[in-house]
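Novice: Sharing a structure here in structure tokens format.
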Amino acid sequence: MEGEGTSSKEEKPRKLKRICVFCGSSPGFRTSFTEAALELGQELVKRKIDLVYGGGSVGLMGLISKTVFNGGCHVLGGYNMRTCHSVRFISGEIVGEIKVVADMHQRKSTMAENADAFIALPGGYGTLEELLEMIAWSQLGIHDKPVGLLNVDGYYNSLLTLFDKGVDEGFIKVSERKIMVSAVTVQDLITKIEVYKLFYILFFLKVNFIKTGRSGKKRRIALKTNYNIYKG
């Protein structure tokens, strides 16, 4: 079961200005991982899409941030103030504009607020935590932005199977399984994100209107206001 979330051919592609990328601070052991990171950076430059990232400049993230920056697009990173003094030892040289934040929680909120969509590449615990939090925030109605997974060489096959298992066992609704889109190539993933439509939001809007009589417009305002909960 693949998480699609794409709409029909009649759906007008959205214009993406900034994409937030999550990925490993290590290059990994496969050349396909570094090739995918370079391809993503080049594709962002080609489409004139700016990059939002966590501020690290090593591993896969370093390849992407430097490629986008050298390609002439804007790069925005966020650093945790508590680790900023040792950032060069942990995350490499600073690339692009940096926003210093109070803690990791505010860092993720800042990244989310400044992006139109999210893409995760192969990575470790940190990448998984960021990806799953963006999915959970979408489920809770805190944002309605596309969340994409670049499944390079089947790296995330087990995770996708786990999501499907969650649906089969009644822990994840079918509509919520469509929150995240996935693809094995950069071009396919960005195309899916461009035509992405959050189907489950339509369901929430309908239920919300029936229960409270509030309009869709007010619901949209509520979605934006919910960001304040996560600004700390």
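Novice: Quick one: if you stick a label point 7 Å off each Cα along the C-beta vector at H105 and R30, how many nm between them?
Specialist: Spacing of the two 7 Å Cα→Cβ label points: 3.6 nm.
Novice: Within 10 Å of each candidate Cβ there may be at most 11 other Cβ atoms; applying that plus a DSSP loop requirement, which GluC sites (Glu not before Pro) in segment 23-69 survive?
Specialist: Hits after loop and neighbour filter: nothing returned.
Novice: Continuing with the same structure: Just the number, please: Stokes-Einstein D of segment 95-171 in µm²/s, Kirkwood Rh from C-alpha pairs, 4 °C, 1.567 mPa s.
Specialist: This corresponds to a translational diffusion coefficient of 92 µm²/s.
Novice: Also: Could you state, as a whole-number percent, how many of the C-alpha pairs of segment 18-201 are farther apart than 23 Å?
Specialist: 38
Novice: Between K165 and Y125, how high is the FRET efficiency from 1/(1 + (r/R0)^6) when r is the Cβ-Cβ distance and R₀ = 25 Å? Nearest 0.05. Spell out each step's value before the answer.
Specialist: Values: r = 21 Å, r/R0 = 0.82.
Step by step, r from the Cβ atoms, then E = 0.75.
Novice: Multiply the residue separation of T185 and K15 by 0.36 nm, subtract the distance between their alpha-carbon atoms, and state the gained length in nm to one decimal.
Specialist: 59.2 nm
The numbers here are math on the coordinates, done by the rules we state, and not lab data. Bear in mind the structure is a predicted one, so any value in this text is a computation, not a measurement. Heads up, the Cβs are rebuilt from the backbone with ideal geometry, glycines too, and the neighbour counts pull from every protein chain shown.
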